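The values are calculated or read from the model by the stated rules, or taken from the named source; none is laboratory data. Fair warning: this is a prediction, and the values are worked out from it, not measured in the lab. No Cβ is skipped: glycine too gets one built from the backbone with ideal geometry, and neighbour counts run over all protein chains shown.
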């Protein structure tokens, strides 16, 4: 069973977390299912950048992003070569190391 290793994030998981997940789940769903409250303003429909993450290890073992995701990522805060939308990054057979950016661009918060 693959793991997602989430690096420490000051607000969402200060200690970091290791999550065992099933293949085929999105990184976003895996995080939410394990109490890492990553933002997801578009309800995971590939229409915003609030669930942006960096895939620090295992990037080459997840499916490539599509044109829509790439266009959205161009608008994400702190874009780098390891950037993905966690709602579109699907866990395969390989462990992933994920870093959640310090900031996100969000016009609406889910916690209101």
Note on segment 31-77: residues touching a strand residue (DSSP E or B) at 6+ places or on another chain (Cβ under 8 Å), part of a loop (DSSP other than H, G, I, E, B) and farther than 16 Å from residue 19 by Cβ are 44, 46, 49, 63, 65, 76, 77
Pick from segment 70-89, criterion crowded, with 18+ Cβ neighbours inside 10 Å and modelled with pLDDT under 95, ranking: nearest to residue 100 (Cα to Cα) | 76
Segment 1-50: number of residues that are free of Cβ contacts under 8 Å to residues at least 40 places away in the same chain, touching a helix residue (DSSP H, G or I) at 6+ places or on another chain (Cβ under 8 Å) and closer than 21 Å to residue 71 by Cα = 1
Counting only residues in segment 1-20 that are at pLDDT below 95 and touching a strand residue (DSSP E or B) at 6+ places or on another chain (Cβ under 7 Å), the one farthest from residue 86 (Cα to Cα) is identified as 1
How many residues are at pLDDT below 95 and surrounded by fewer than 21 Cβ atoms within 10 Å (Cβ to Cβ) if we restrict to segment 36-55?
-> 8
Under 13 Å from the mean Cα position of the chain (by Cα), at pLDDT 95 or above and part of a loop (DSSP other than H, G, I, E, B), is that true of residue 23?
-> no
